[in-house]
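The next block holds one structure in the form of structure tokens; read it before the comments.
The values are calculated or read from the model by the stated rules, or taken from the named source; none is laboratory data. Since we're looking at a predicted model, the values are computed, not measured. No Cβ is skipped: glycine too gets one built from the backbone with ideal geometry, and neighbour counts run over all protein chains shown.
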Amino acid sequence: MKRLPKYTPAEVRNDPYGFTYKEMSEVIGENEAKALYEELYKQLPRKKNLSMLVKNICKSSDTEKYVYELKDNKYIETVFIKRRDGGTVCVSTQVGCPVGCIFCESGRNGFVRNLTSSEIVQQIILLRRKVNRIVFMGMGEPLFNYDNLIKAIHILRDRYGLNFPTDGITISTVVFCPK
Ligand code: SF4
């Protein structure tokens, strides 16, 4: 018996950065998925495909801090650190953070919500920069948003899209494994 796709065409078209190429093709067919993936990852970001916007950019000599506004009017930060041939990007995985490390502003007001995999991917797309390294160490504890984090990594690594190398991705965590 043929397996039904988990998503509807409307869900894919409304928030396309949240899907791997394979998932997208299963729902809207290979031809449309090919054209949409080309638009998402090989062209400039288009408003109709985005669920967040750049609200502010603070620039210094070697860093750029991006403030993004999400659809529900929440804010997150992403930091781009310049390197000679591109840059490292520190990506957020949650709005706020439940951990509350004493030295960190991100956890000061507690946890608000997890970011979707699409919101994680768009932080990199909206930079419109050459990124060589992705580090999940922005706002939030990445492993507390495990499913969306792993899905976002699959999308970033997708060979039809950014084709980002696995060894360029680092997850920074404060979570420890109990003995
Ligand atoms: S886990 Fe990270 S984001 Fe959360 S409070 Fe600690 S340092 Fe800040």
- Query: Can you tell me how many residues in the range 153-176 are more than 16 Å from the ligand (Cβ to nearest atom) and not in a helix (DSSP H, G or I)?
  - Reply: 9
- Query: Which residues, taken from the range 18-46, are farther than 19 Å from residue 123 by Cα and either in contact with a strand residue (DSSP E or B) (Cβ under 6 Å, 6 or more places away or on another chain) or among the polar types (S, T, N, Q) (or both)?
  - Reply: 25, 31
- Filter the range 121-152 for residues that are in contact with a strand residue (DSSP E or B) (Cβ under 8 Å, 6 or more places away or on another chain), farther than 15 Å from residue 40 by Cβ and not in a loop (DSSP other than H, G, I, E, B) and give the result. 133, 134, 135, 136, 142, 143, 144, 145, 148, 149
- State yes or no: is residue 99 touching a residue at least 60 places away in the same chain (Cβ under 8 Å), within 12 Å of the ligand (Cβ to nearest atom) and surrounded by fewer than 20 Cβ atoms within 10 Å (Cβ to Cβ)? yes
- Query: Any residue in the range 75-95 that is under 24 Å from residue 147 (Cβ atoms) and of a type in the set (Asp, Glu)?
  - Reply: yes
- Answer yes if at least one residue in the range 71-91 is among the aromatic types (Phe, Trp, Tyr) and within 16 Å of the ligand (Cβ to nearest atom), and no otherwise. yes
- Message: Conditions first: (1) more than 20 Å from residue 107 (Cβ to Cβ); (2) modelled with pLDDT of 95 or more. Residue 84 passes all but one, so which condition is the exception?
- Response: (2)
- Selection within the range 102-113 - touching a residue at least 24 places away in the same chain (Cβ under 8 Å) and more than 10 Å from the ligand (Cβ to nearest atom): 112, 113
- Checked against (1) over 25 Å from residue 14 (Cβ atoms); (2) surrounded by fewer than 19 Cβ atoms within 10 Å (Cβ to Cβ); (3) within 13 Å of the chain's Cα centre (by Cα), residue 147 satisfies every condition except (1)
- Among the residues of the range 9-32, write down those that are in contact (Cβ under 8 Å) with a residue 60 or more places away in the chain and hydrophobic (A, V, I, L, M, F, W, C). 19
- Query: Looking only at the range 8-59, which residues are part of a loop (DSSP other than H, G, I, E, B) and over 21 Å from residue 130 (Cβ atoms)?
  - Reply: 8, 15, 19, 20, 29, 51
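Within the bounds of the range 135-152, is there any residue that is within 14 Å of residue 88 (Cα to Cα), more than 15 Å from the ligand (Cβ to nearest atom) and not hydrophobic (A, V, I, L, M, F, W, C)? Please lay out each step first, then the result.
Pass one, the range 135-152, residues within 14 Å of residue 88 (Cα to Cα): 135-138.
Narrowing the set further to residues that are more than 15 Å from the ligand (Cβ to nearest atom) leaves none.
No, because not a single residue in the range 135-152 is within 14 Å of residue 88 (Cα to Cα), more than 15 Å from the ligand (Cβ to nearest atom) and not hydrophobic (A, V, I, L, M, F, W, C).
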